Amino acid sequence: MAKTLLQSAKKLLPLIRANLDRIDSECQLPPELAEAMSQKGLFGMYVPKALGGPESDPITAFHVVEAISSVDGSTGWCSFNGTALTAAVSRITIAAAKELFGDPPEVSGSGSARSGGTATVVDGGYTVTGRWNYLSGVDHAKCLFLNCDLVDEKGPVTTETGAPVTRVAIVPIEDGTVHTTWITMGMRGTASNDAEFTDLFVPASHTYVRTEPPVHENPLYNPQTAILCSWTLAAANALGMARGAMNAFMDIATTGSTTSPKLLRDRTTVQTTVGECEAIIGAGRSYVLSAVGAMWESQVAKTPDLMDKAVHARLAIAHAIRQSVKVVDMLFYAAGTGAIHRSNGLERFFRDLHVSGQHISGLHSNYELGGQLLLGAEPTAPTYS
């Protein structure tokens with residue numbers, strides 16, 4: 001299955017490349033591309049086998065997202081985000097999944113970890129009301145996974161510390177209204193729009209709590225590390241784009257300059273930049289594969305050092321994303337005026353990496369949390385787990 005997923009992704013790269021202008025201008029993936037990717041399971045690599053999914057390990061999925069992202073960041077992001085979200089279908093029963101996604105189920109989804117609304121307790125389930133944003137891939141998703149603040153007859157439900165208690169509701173897109181809001185400098189093809197729902201009844205069986213054990217047994221769905229298995233693909237997306245930026249720069253460096261007959265490749269400063277960027281990409285990639293691989297081995301073996309391994313996985317992911325942004329900055333500067341033209345592709349990776357780098361998985365707060373955990377200090381850094 002691992003080889004099949006990567007082969008499928010590579011076979012679709014020409015189709016992605018042929019649609020780059022449409023992806024950017026239409027602010028979503030072309031329907032025929034989205035359908036082709038969906039049919040190959042590239043939006044749901046973590047979907048359980050019991051539901052017809054690949055149930056891929058994170059390293060295999062990493063290679064797939066990396067390959068796609070080397071051609072287009074938005075398409076790679078949709079593969080990452082769809083895979084990360086649909087993994088949560090492991091937390092509902094097979095019967096519930098078939099009610100939502102058909103029989104046999106065609107699991108495709110988008111969603112938001114941000115709580116954009118409420119889930120009010122009623123007989124048999126909940127009524128969901130609110131508006132959720134950053135729903136990447138909403139254009140080709142069947143259902144949304146929406147994080148909601150829980151409300152009962154006494155009002156908002158909170159923990160002992162006063163934090164809102166949340167519950168995720170899985171809802172058909174057709175039951176709400178999608179608002180086109182995604183107008184950005186980069187990652188335009190992700191169609192990360194908003195969706196709004198009002199007093200929508202959701203059966204209890206179509207909801208779950210993120211910290212509870214999954215219905216389907218697989219280390220992949222361990223709630224302790226599920227978010228890091230997801231964020232591994234955010235790192236793959238960033239590293240893939242960094243590689244794509246390098247490929248684009250190589251073309252610029254070997255085909256001439258706007259101000260000098262001397263090729264960029266023959267300039268010492270450019271040679272130094274390329275060497276440094278190659279080292280940065282390789283080092284970041286190796287750290288991710290090593291740290292996530294170690295975490296995965298611990299998950300599979302159910303060893304007690306899992307969370308120790310998870311710290312390094314989190315650091316590796318954040319590091320890879322931040323360093324990928326650094327790489328594209330260095331290459332953009334080294335390319336000079338040639339970097340600004342859409343025809344060479346470098347400016348696209350520049351825009352896309354500067355947008356994807358704002359995702360929580362790549363924020364500096366991950367370093368702070370990692371440092372606190374390594375030092376044995378009380379964790380106070382902003383986090384999402």
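The values are calculated or read from the model by the stated rules, or taken from the named source; none is laboratory data. What you see is a predicted model; the values in this text were computed from it and never measured. Here the Cβ positions follow ideal geometry from the backbone for every residue, glycine too, while neighbour counts run over all protein chains shown.
A few comments on the model shown:
- Residue match in the stretch 168-186 (condition: surrounded by fewer than 17 Cβ atoms within 10 Å (Cβ to Cβ), modelled with pLDDT of 95 or more, part of a strand (DSSP E or B) and more than 22 Å from the chain's Cα centre (by Cα)): yes
- So Ile23, is it of a type outside the set (Asp, Glu), in contact (Cβ under 8 Å) with a residue 24 or more places away in the chain and buried (at least 16 other Cβ atoms within 10 Å of the Cβ): yes
- Here Glu55 fulfils each of the conditions (1) outside any helix (DSSP H, G or I); (2) without any contact (Cβ under 8 Å) to a residue 40 or more places away in the chain apart from (2).
- Residues considered: Thr303, Thr273. Of these, the only one that is outside any helix (DSSP H, G or I) and either in contact (Cβ under 8 Å) with a residue 24 or more places away in the chain or assigned by TED's automatic domain parsing to the domain that holds Met246 (or both) is Thr303.
- Matching entry among Ile321, Ile360 (being out of contact with any strand residue (DSSP E or B) (no Cβ under 7 Å at 6 or more places or on another chain) and crowded, with 19+ Cβ neighbours inside 10 Å): Ile321
- Checking the stated criteria, Val107 turns out to be surrounded by 23 or more Cβ atoms within 10 Å (Cβ to Cβ) and under 18 Å from Val215 (Cα atoms).
- Check on Ser115, hydroxyl-bearing (Ser, Thr, Tyr), over 30 Å from Gly282 (Cβ atoms) and modelled with pLDDT under 95: yes
- Checklist (1) in contact with a helix residue (DSSP H, G or I) (Cβ under 7 Å, 6 or more places away or on another chain); (2) in a helix (DSSP H, G or I); (3) without any contact (Cβ under 8 Å) to a residue 24 or more places away in the chain applied to Ala335, failing item: (3)
- Subset tally (residues that are charged (D, E, K, R) and either in contact with a strand residue (DSSP E or B) (Cβ under 6 Å, 6 or more places away or on another chain) or not in a loop (DSSP other than H, G, I, E, B) (or both)) for the stretch 59-76: 1
So that you can scan it fast, the table gives a plain yes or no per residue for (1) over 21 Å from the mean Cα position of the chain (by Cα); (2) surrounded by 19 or more Cβ atoms within 10 Å (Cβ to Cβ); (3) modelled with pLDDT under 95; (4) under 16 Å from Ile68 (Cα atoms):
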{"site": "Ser205", "(1), (2), (3), (4)": "yes, no, no, no"}
{"site": "Thr211", "(1), (2), (3), (4)": "no, no, yes, no"}
{"site": "Glu217", "(1), (2), (3), (4)": "yes, no, yes, no"}
{"site": "Leu239", "(1), (2), (3), (4)": "no, yes, no, yes"}
{"site": "Ala242", "(1), (2), (3), (4)": "no, yes, no, yes"}
{"site": "Ala248", "(1), (2), (3), (4)": "yes, yes, no, yes"}
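- Number of residues in the stretch 111-150 that are under 24 Å from Leu42 (Cβ atoms), among the hydroxyl-bearing types (Ser, Thr, Tyr) and in contact (Cβ under 8 Å) with a residue 40 or more places away in the chain equals 2.
- Scope the stretch 129-154; condition under 23 Å from Thr184 (Cβ atoms) and surrounded by fewer than 18 Cβ atoms within 10 Å (Cβ to Cβ); matching residues: Arg131, Asn133
- Restricting the stretch 334-360 to residues that are at pLDDT below 95 and hydroxyl-bearing (Ser, Thr, Tyr), the residue that is farthest from Leu135 (Cα to Cα): Thr337
- Being in contact with a Leu (Cβ under 7 Å, 6 or more places away or on another chain), outside the structural domain of Gly244 (by TED's automatic domain parsing) and of a type in the set (D, E, K, R) is a property that Asp72 has.
For every residue, the table says whether it meets (1) surrounded by 24 or more Cβ atoms within 10 Å (Cβ to Cβ); (2) over 13 Å from the mean Cα position of the chain (by Cα); (3) in the same structural domain as Pro30 (by TED's automatic domain parsing).
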position	(1), (2), (3)
Tyr46	yes, no, yes
Gly52	no, yes, yes
Glu55	no, yes, yes
Gly76	yes, no, yes
Thr83	yes, no, yes
Thr86	yes, no, yes
Thr127	no, yes, no
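- Selection status of Thr161, modelled with pLDDT of 95 or more and either β-branched (Val, Ile, Thr) or assigned to a strand (DSSP E or B) (or both): no
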